[in-house]
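The values are calculated or read from the model by the stated rules, or taken from the named source; none is laboratory data. In this text, all values refer to a predicted model and were calculated from it rather than measured experimentally. Cβ coordinates were reconstructed from backbone atoms using ideal geometry, including for glycine residues, and neighbour counts include every protein chain displayed. Heads up: the accessible areas ignore ligands, DNA and RNA and are worked out on the full protein's heavy atoms, side chains in. Shrake-Rupley method; radii C 1.70, N 1.55, O 1.52, S 1.80 Å.
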Amino acid sequence: MYTHVSIYGHVVAAQANPHNYDAWFDYLRLVESDAEPDAVRDVYERAIANIPPIQEKRHWRRYIYLWINYALYEELELKDPEQTRQVYQACLELIPHKKFTFAKMWLLYSQFEIRQKNLPAARRGLGSAIGKCPKNKLFKGYIELELQLREFDRCRKLYEKYLQFSPENCSTWIKFAELETILGDVERARAIFELAIGQPRLDMPEVLWKSYIDFEIEQEEFDHTRDLYKRLLQRTQHVKVWDQLCQVELSVGRGGQRLQRSRLVYEEANRTMRSCQEKEERLMLLEAWRQLEAEFGSDSAQERVAKLLPEKVKKRRKLTAEDGSDAGWEEYYDYIFPEDAANQPNLKLLAMAKMWKRRQQEDREDGEEQRSDKPAEEEEEEEPSVGASSPADREEGTSGEGAAAARGEGEEAEEAEASGVAAAASEEGEAAASGEGAAAARGEVAASGEEEAAAVARGEGEAAATGEGEGGVAAVAAAAAAVTPADDRDDSSSDDEEDAHEKTSKPEQEED
């Protein structure tokens with residue numbers, strides 16, 4: 001009862017989505033376990049009738065296994081080879097070989113025919129496959145079949161067809177040459193290798209060259225081996241090629257000769273790699289050379305190689321982003337070889353010249369920045385500010401202030417003289433009341449005082465007009481000289497008045 005329910009469920013799932021091939025697989029597995037052969041065939045026929053709607057290989061991958069299971073069921077369970085053959089042929093006719101194919105299906109069919117001892121049908125099927133849709137897997141399967149049958153002539157023809165289809169496949173060239181080597185045709189194998197390395201495009205050229213060199217070493221053709229290494233070094237200067245050549249020279253010949261040949265190879269490699277930018281590979285070469293000398297060479301030879309080793313220097317370089325902007329700096333290690341430094345004796349001088357040029361450029365840039373800043377400063381100076389004046393204006397103002405001070409001091413002296421004259425006049429008026437002699441004396445003193453004041457005023461006026469004298473200091477001195485006589489005149493006038501008063505008082509006393 002449980003089995004029938006499960007079968008019913010898978011039937012419903014398969015009917016709901018006929019292109020759900022996993023549901024068909026589960027359904028067929030249940031049917032095969034508990035059903036008649038005719039019922040199982042009917043389910044298989046219904047399953048393979050659901051052809052994928054799109055001719056794309058990814059949609060056919062699960063579907064093609066329905067045909068494979070159907071063919072195996074007919075062959076292994078029902079023991080019906082004729083029905084099995086019909087299943088295979090129907091499947092191969094259904095596949096759109098112009099768009100894609102399934103090499104597995106062709107190989108299964110050919111193996112079925114081999115099991116049925118129908119070799120012509122198997123070859124015919126594989127031949128049709130190669131003609132309709134050649135693939136690497138089909139060629140390999142067909143060649144493997146012929147090798148098992150020991151049909152070497154057919155294998156050669158198949159290899160030729162295979163290489164016409166895919167000439168860049170290095171593994172095919174190598175297997176073809178190995179076949180000829182096994183058959184004892186060394187010259188044919190060498191010719192195949194020559195054709196192989198002459199191809200313009202190869203998927204694994206290093207593997208092909210190594211196989212060719214190993215072939216010549218096995219044949220003990222060391223001259224051919226050296227020639228192959230030389231031809232390979234014309235195409236590449238890889239350090240491993242040089243190292244392998246040295247190992248070959250070290251293993252060929254006798255003690256002293258092989259060591260000398262290995263040294264010559266290392267010397268040539270070192271000279272050749274001087275122009276190479278890969279300094280790490282050159283260092284690897286020298287390390288291998290030093291190891292060779294340490295094992296077989298003398299102390300002098302070891303010292304000679306040690307002198308060729310480079311110096312490891314830490315440097316910095318500028319990084320640039322993809323958009324051209326500055327991405328900072330990075331540190332890296334560089335190797336300076338003694339031979340390169342010896343060939344460049346002016347290296348330090350050039351470095352100093354570059355440094356000087358860099359400094360000159362920096363000074364030039366600083367000068368341009370200063371010149372660009374100077375016009376802005378001049379514009380600021382040309383703009384008149386409140387209360388600001390130029391040095392010339394300041395000097396003119398100083399001289400003008402000195403002249404004004406001199407004029408002001410002269411006016412003060414004149415006012416002082418005028419006040420002194422007025423005081424003398426008032427005193428003379430008072431003295432006139434007491435006597436005529438005193439009046440005469442005061443008149444003489446006043447006259448002399450006026451003359452002196454006039455003289456001082458004229459001197460001060462001339463000094464102020466001509467501007468002679470040293471600035472405000474001369475004006476102040478002149479003002480002081482003008483004020484001093486006035487004071488002296490006051491003192492002298494008072495003394496004269498006292499003498500006159502005494503003189504006038506004496507006659508009065510005498511008269512009394």
Discussion item. So Ala189 passes all but one of these: (1) in contact (Cβ under 8 Å) with a residue 24 or more places away in the chain; (2) on the phi > 0 side of the Ramachandran plot. Which condition number does it fail?
Written reply: (2)
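Quick check, is Glu303 over 23 Å from Gln244 (Cα atoms), open to solvent by 40 Å² or more (accessible area, probe 1.4 Å) and in contact with a Lys or Arg (Cβ under 6 Å, 6 or more places away or on another chain)?
Details: over 23 Å from Gln244 (Cα atoms): yes; open to solvent by 40 Å² or more (accessible area, probe 1.4 Å): yes; in contact with a Lys or Arg (Cβ under 6 Å, 6 or more places away or on another chain): no.
No: the conditions fail for Glu303.
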Worksheet item: How about region 156-172: which of its residues are in contact with a Leu (Cβ under 6 Å, 6 or more places away or on another chain) and either farther than 26 Å from Ile197 by Cβ or among the hydrophobic types (A, V, I, L, M, F, W, C) (or both)?
Response: Cys170
Practice prompt. From (1) under 29 Å from Lys312 (Cβ atoms); (2) surrounded by fewer than 19 Cβ atoms within 10 Å (Cβ to Cβ), pick out the condition that doesn't hold for Gln219.
Written response: (1)
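For region 52-116, please list each of the helices (runs of 4 or more DSSP H) lying entirely inside it that holds at least 2 residues being farther than 26 Å from Leu149 by Cα and open to solvent by less than 80 Å² (accessible area, probe 1.4 Å). If you could, list the steps in order and put the result at the bottom.
On the way: elements: 57-60, 64-72, 81-94, 103-115.
Correct list: 57-60, 64-72, 81-94.
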Worksheet entry | Residues located in region 222-236, provided they are of a type outside the set (Ser, Thr, Tyr) and either touching a Leu at 6+ places or on another chain (Cβ under 6 Å) or open to solvent by 70 Å² or more (accessible area, probe 1.4 Å) (or both) | Asp223, His224, Asp227, Lys230, Arg231, Gln234, Arg235
Worksheet, complete the sentence: Expected output for region 162-185 (first residue without any contact (Cβ under 8 Å) to a residue 60 or more places away in the chain, partner open to solvent by 20 Å² or more (accessible area, probe 1.4 Å) and basic (Lys, Arg), Cβ below 6 Å, 6+ apart or cross-chain) is Glu168/Arg201; Glu180/Arg188
Fill in: Number of the exception - Tyr162 against (1) modelled with pLDDT of 95 or more; (2) loosely packed, with under 15 Cβ neighbours inside 10 Å; (3) closer than 23 Å to Leu108 by Cα
(2)
Practice prompt. Scan region 256-300 for residues that are open to solvent by less than 60 Å² (accessible area, probe 1.4 Å) and either hydrophobic (A, V, I, L, M, F, W, C) or not in a helix (DSSP H, G or I) (or both) and report the count.
Written response: 13
Discussion item. I need the full set of residues from region 32-51 which are in a helix (DSSP H, G or I), at pLDDT 90 or above, among the small types (Gly, Ala, Ser) and loosely packed, with under 13 Cβ neighbours inside 10 Å, in order please.
Written reply: Ala39
